[in-house]
Amino acid sequence: MSDSTTFPAFRIHATEKPYRAGIEQMRVDELSPGEVVIKVAYSSVNYKDALAGTGKGKILREPVLNGGIDVAGYVVASTDAQFKEGDQVLCTGCGLSETRDGGYAAYARLESKWTIPLPTGLTLRESMVLGTAGFTAALSLYRMQQNGQSPELGPVVVTGASGGVGSLAIDILTRAGFEAHAISGKIEHFDDLIALGAKQCISRKDLYWGQRPLENAHWAGAIDNVGGDMLSGLTRVIKPYGNIASCGLAAAPELQTTVMPFIIRGVSLLGIASAGTARAIRDEIWAHLGSDWKPSHLQRIATREVGLDALAPVFDTMLAGDSFGRTLVKL
Ligand SMILES: NC(=O)c1ccc[n+]([C@@H]2O[C@H](COP(=O)([O-])OP(=O)(O)OC[C@H]3O[C@@H](n4cnc5c(N)ncnc54)[C@H](OP(=O)(O)O)[C@@H]3O)[C@@H](O)[C@H]2O)c1
């Protein structure tokens, strides 16, 4: 590999009209600056990638970037002595496909301060089945535990359960000794969710919790990927001193609630922002993901593996809310 090596990249032109994204050839010296050049082995598809790749959400803060908020591969050159050729590393979030070129390319250039040595216990492929989705699910549990969530308090419910964050959250909660319940719009996938560890599956379409500020409390905690009415409803049905980790907005960004769950039941609403997580916490979470929180069903959760040329239909399926589990991108 030299600076003039050319390679394929899924490049997004965010300011062009119409919005344009697709495979182009580029050179290593055209990549965003950084200390560590890697040959990409895998990336993955997250909801944010689908928004960025289609222009349905404003994700890029630069006019043109390679897509892909996750990346894992082999170091081919480094100006930081911490990394040497052949090292296996990963990076999730940290500006990828937002302020700098992401993982949908044969090469990526990373900032060493955000480059994570592949955790013991994971392969590069497994690290990308996890990717931002697994990291976010684990960060949710981490923050809930820091705020007193324990298995003894009772079951934790996961919304958007069949999605990437959701399916991994079910598996990780179960690994960590919690009883996980699933709320999903996909009745046809209830058996899969039970196979991942869910002890109860509830159809999203049949949910009705009442409209009082406090309703009968069902769960000790929640990991919410959906936002909107779902999150509003959750605030009314979480048990005293339970935590709700707010991860996503697959349905809506709005939240209508009252202070009653917070001041009468002591419920906590925890914000989960994976992209900007501090390095020390990142390291801790990746260590968990390779050991005591490593999902038992990564192979089952990795439902699809595609190349750069097949990203567009994956984005569409995801934005329609129709995907199950995780899609890997193999370079
Ligand atoms: N905070 C962070 O750092 C962070 C990190 C990663 C992701 N996220 C967010 O978390 C959410 C999930 O991400 P993901 O990558 O797991 O996406 P995903 O794989 O597409 O999963 C989203 C799931 O949400 C449910 N859903 C979709 N549309 C819905 C609707 N209109 N109403 C209710 N439920 C709906 C579906 O599950 P069911 O059919 O099973 O209900 C869908 O599979 C996204 O909003 C994403 O932006 C946030």
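222 nm [θ] for the chain, helices only, -39500 (n - 2.57) per DSSP H run of 4+, per residue, to 500?
One gets -8000 deg cm²/dmol as the mean residue ellipticity at 222 nm.
Within 10 Å of each residue's Cβ, count the other Cβ atoms and sort 118, 173, 60 from fewest upward.
Ascending number of Cβ neighbours within 10 Å: 118, 60, 173.
If you take the Cα atoms of the chain, find Rg, then find the Kirkwood Rh from the mean of 1/r over all pairs, what is Rg/Rh?
Across the chain, the Cα-based Rg/Rh ratio is 0.98.
Dipole of segment 2-110, Cα-centred, from +1 at each Lys and Arg C-beta and -1 at each Asp and Glu C-beta, to the nearest 20 debye?
Once rounded to the nearest 20, the dipole reads 460 debye.
For the pair residue 64 and residue 145, what calculated FRET efficiency results from E = 1/(1 + (r/R0)^6), where r is the Cβ-Cβ distance and R0 = 30 Å, to the nearest 0.05?
0.15
Please state the relative contact order of segment 189-331 as a whole percent: Cα pairs under 8 Å, 6+ residues apart?
This gives 17 percent for segment 189-331.
Order the peptides 108-114, 137-143 from the highest to the lowest mean number of other Cβ atoms within 10 Å of their residues.
Going from most to least packed, we get 137-143, 108-114.
With axes computed from alpha carbons, what is the tilt in degrees of helix 164-175 against the longest principal axis of the chain, rounded to the nearest 10 within 0 to 90?
It works out to around 60 degrees.
Which residues does the label zone of residue 217 cover in segment 253-278, counting backbone N under 16 Å from a point 7 Å along Cα→Cβ?
259-270
Quick check on segment 66-183: of the DSSP beta bridges with both residues there, what percent are antiparallel, nearest 5%?
The answer is about 60 percent antiparallel.
Taking the dipole about the Cα centre of the chain, with the C-beta of Lys and Arg at +1 and of Asp and Glu at -1, give me whichever of 319, 185, 262 is farthest to the positive side.
Result: 262, furthest along the dipole toward the positive end.
Cβ under 15 Å from residue 25's Cβ, residue 25 left aside: what net charge do those residues give with Lys, Arg +1 and Asp, Glu -1?
So the environment of residue 25 carries a net charge of -4.
Measure nothing but the geometry: give the 0 to 90° angle between the long axis through the Cα atoms of 124-146 and the longest principal axis through the Cα atoms of the chain, rounded to 10°.
The angle comes out at about 40 degrees.
What does the highest-first list of 199-211, 224-236 look like by mean Cβ count within 10 Å?
224-236, 199-211
Under a point-charge model restricted to the Cβ atoms of Lys and Arg (+1) and Asp and Glu (-1), what is the dipole moment magnitude of segment 214-296 relative to its Cα centre, in debye to the nearest 20?
The calculated dipole for segment 214-296 is roughly 140 debye.
So, with +1 on the Cβ of K and R and -1 on the Cβ of D and E, and no other charges, what is the size of the charge dipole of the chain about its Cα centre, to the nearest 20 debye?
520
Just going by the charge dipole of segment 1-119, with Lys and Arg at +1 and Asp and Glu at -1 on Cβ, which of 115, 52, 5 is farthest out on the positive end?
52
Taking the highest mean first, how do the peptides 175-186, 278-289, 252-263, 44-55 order by number of other beta carbon atoms within 10 angstrom per residue?
Descending packing order for the listed peptides: 44-55, 175-186, 278-289, 252-263.
Expressed as a whole number of Å, what is the distance separating the alpha-carbon centroids of segment 161-216 and segment 132-151?
Comparing the Cα centres of segment 132-151 and segment 161-216, I get a distance of 16 Å.
May I ask you to sort 159, 79 by Cβ crowding, counting other Cβ atoms within 10 Å and putting the fewest first?
Placing the least packed residue first, the sequence is 79, 159.
Can you give the angle from 0 to 90° between the axis of helix 228-237 and the longest principal axis of the chain, with both taken from C-alpha atoms, to the nearest 10?
For 228-237 against the chain, the angle is about 40 degrees.
Computed from the coordinates by the stated procedures, all read-outs in this text should not be read as laboratory data. This is a predicted model, so every value here is computed, not measured. We place every Cβ from the backbone using ideal geometry, glycine too, and count neighbours over all the protein chains shown.
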